[in-house]
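Written out below as structure tokens is the structure these notes cover.
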Amino acid sequence: MKRLTLVLLVLLLPAVTVLPQKIPAKSVFGASTGVSIPLDEFAVKYFTWDAGFASLGPNFEAEYLYYGKIFGFSSSISYTSIFFNEKAYQSEYDRTLNGYGTNEVTAGNYQIMKFLVGFTLKTPEFSNTEVMLLFHLGYGVAMHPNLLVTNSEFGVINSVTRNAGRGAVASMGLKINYWLNERYGVSLNGTLNGMSSGFIDETAPDGNFQMPMNHANINIGFVMNLKTPAL
Amino acid sequence: MKRSLYFLVIPLLFTSCNGSRLNYDKGIIPPVPVNFSSINSTYDDYNSNLQLSWTEMTFSLIFSSNRNSFGEDFDFVSYGGHIVSDLVSGEFEMSTVSNGYGLLEAVNTDYNEFGPYLTSDFPYYFPWYKEGENRRFFYSSDPGGNLDIYCCGYDFGDGEFTSSGDPFALTPLNTEHNEGYLSLHHGAMAGRETAYFMSDRDGSYDIYFAAGEEGKLISESATASVIRSSVLNSIADDKCPYISGNVMVFASDREGGFGGFDLWYSVYNGSAWSAPVNLGGDINTEYDEYRPFVVPTGEWYVNDLMIFSSDRPGGKGGFDLYYVGVPKR
């Protein structure tokens, strides 16, 4: 209940602060694409607690922003596909099994869909440029890939079946919009995304596990002002 | 700095972790021999046997060593320890934490003691055998100049072996030649306890089969039928049989090995043993490998645990104990 109240307050804050800003608010749609970079445990590529063996991957994001001179709110939907580093994973088996037998790893990609809402703090526009900080909270659905490891002497030594997990997401980002004209602009943004998702591993004694999936996105895209006179 | 930013924007959102993704579905005991360095000494350490709990990941090991006599006669030495087995890192390690048991005071002498064999499991094979009773410690000793097989009752609790009764010789099996390394073969004959042991009564060391009297433990039998195994033996020395389930492992310097004594195995199909097979170059070397025994690991490991001794280079000196994973058969 406390968390829900906190979220509602976060959402209401921009609404009450945008109104007194005395300049026309912008209603902006943006779309961007770029690269996702796994962070922390998600990026670790050796056998240790919570290691994700995640590599880079592409992401796509659509967002809506409504803001005045300084304050605003924003929301976004994004899809991220992060490659599982099969080579690094295999080399860990080669190491821990001292080269006994031949190891083979096949794996798909991690996939993450995020739904975020939050508020923005921005600088006043200068030279057709806006610099804004984005603070988002939301919900994520993540997909753990199929993972199969076989050893020529032992057979299958590890397997995880593709399955979906869910978890809360928190995100903080820096976004720069450069307006080419009143209606269109280009954007560059970088975000840090914190997420942890539970997954099922039917072959594990506990049957499930939790995986931190923190990652950063660096995107470029375009923005479109939906409240120009032409519209 | 990056983590600090997370703390600013991600307060109290994450549920606590309830486990990590495991990188192994089951444990794998290292398939390449690992020196039991926490036990071995610069003297000869070999001829081991142990009690092991996979649920508690603890073990109690007994082995022969001439460390106490600084290289003279062999006595039994024992250690308790624990197993670290990690399905995330793949690590498997056996290490010791304590040593010394009361049982050893009852069986160690000024002569040599070899070939320890502890019974306590498989009570369901014997209707007259109840768990916690009739625990026997078989071994061989040479107070008369030649090795004879002995038995001593024991109790085991809280990781501690204590003797129950005095040691006695298994006269139905012993001769004026060397006998030792008895290993029970559970369920081979209905109503009779059967065992294998080594003897040089016919010249070279061979593996012999023995059956006790009907309805009696072999250690209670006044007589026993003893037969030389034709399938298991060769013209060379065949020694130290140890049976785990349907598999016998033993040491032999027969042809077809890697040099010196090698470890071999044979599989029992319910009525006969298969032709012995060398355990391979991952385990055997041109040096001596000796007195293996296998511990079943159940469903939690892809392979079984085997402990043996070897005088290969790289150890602490003389014979050292090694542990290794071997395929389930």
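Computed from the coordinates by the stated procedures, all read-outs in this text should not be read as laboratory data. Note that the coordinates shown come from a computational prediction; the quantities given were computed from them, not determined experimentally. Note: ideal-geometry Cβ built from the backbone for every residue, glycine included; neighbour counts use all protein chains shown.
Quick look at the numbers
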item	result
For segment A:131-177 versus segment B:155-213, the gap between their alpha-carbon centres in whole angstrom	59 Å
Nonlocal Lys pairs with alpha-carbon distance under 29 Å, chain B (8 or more apart, or different chains)	6
Label-point separation in nm, residue B:189 to residue B:177, each point 7 Å along Cα→Cβ	2.0 nm
Inter-probe distance in nm under a simple model that places probes 7 Å from Cα toward Cβ, at residue B:41 and residue A:35	6.1 nm
Fraction of alpha-carbon pairs over 18 Å apart in segment A:22-99 - percent	59 percent
Rg over Rh, two decimals, segment A:87-157 (C-alpha only, Kirkwood Rh)	1.38
Value of Rg/Rh across chain B [Cα atoms, Kirkwood radius]	1.04
Gyration tensor over alpha-carbon atoms, the protein assembly as shown, equivalent ellipsoid semi-axes in Å	71, 21, 19
Cα centroid of segment B:272-329 to Cα centroid of segment B:32-79, whole Å	15 Å
Ranked by how many other beta carbons lie within 10 Å on average, peptides B:173-186, A:48-61 from highest	B:173-186, A:48-61
FRET efficiency for residue B:168 and residue B:93, using Cβ-Cβ distance with R0 set to 45 Å, rounded to 0.05	0.70
Cβ neighbours within 10 Å from other chains - mean over B:22-34	6
Value of relative contact order over chain A, rounded to a whole percent, pairs C-alpha under 8 Å and six or more apart	20 percent
Spherically averaged projected area in nm², based on the convex hull that wraps the Cα atoms of segment B:229-324	6.5 nm²
Test item: A:153-162 mean partner chain Cβ contacts at 10 Å	4
Calculated P(r) tail over 19 Å for segment A:137-225, as whole % of Cα pairs	59 percent
Principal axis dimensions, segment B:39-90 - Cα atoms, whole angstrom, descending	44, 20, 13
Rule-of-thumb Rg ratio for segment A:23-225 [Cα; 2.2 N^0.38 Å; N residues]	1.22
